[in-house]
Amino acid sequence: MSVADESGGRAQRIRAKAQEMQEAADRAADPRERQRLQDKARRLRERSDQVTTQGDHGTNAL
């Protein structure tokens, strides 16, 4: 398995978790809980973008 494949799979798992967090935020009745979950989803999406970018750089170096 290549570095790009590993990074892509990891990024996909992180995006799926971010989607779960966003869906939980959409269902949350408490405004604080909703905001906490939205923030967590946003951080996960940012992390996914970083993993994807790191994987791209690793591929270009080969």
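The values are calculated or read from the model by the stated rules, or taken from the named source; none is laboratory data. All values derive from a computational prediction rather than experimental measurement. Don't worry about glycine lacking a Cβ; one is built from the backbone with ideal geometry, like all the others, and counts go over all protein chains shown.
Pull up region 10-32, narrow it to residues that are of a type in the set (D, E, K, R) and in contact (Cβ under 8 Å) with a residue 24 or more places away in the chain, then point me to the one that is surrounded by the most Cβ atoms within 10 Å (Cβ to Cβ).
The extreme case among them is 15.
Please tell me if residue 10 is at pLDDT 95 or above and part of a helix (DSSP H, G or I).
No, not satisfied.
What number of residues within region 33-52 satisfy the criterion of being surrounded by 15 or more Cβ atoms within 10 Å (Cβ to Cβ) and free of Cβ contacts under 8 Å to residues at least 12 places away in the same chain?
The qualifying residues number 2.
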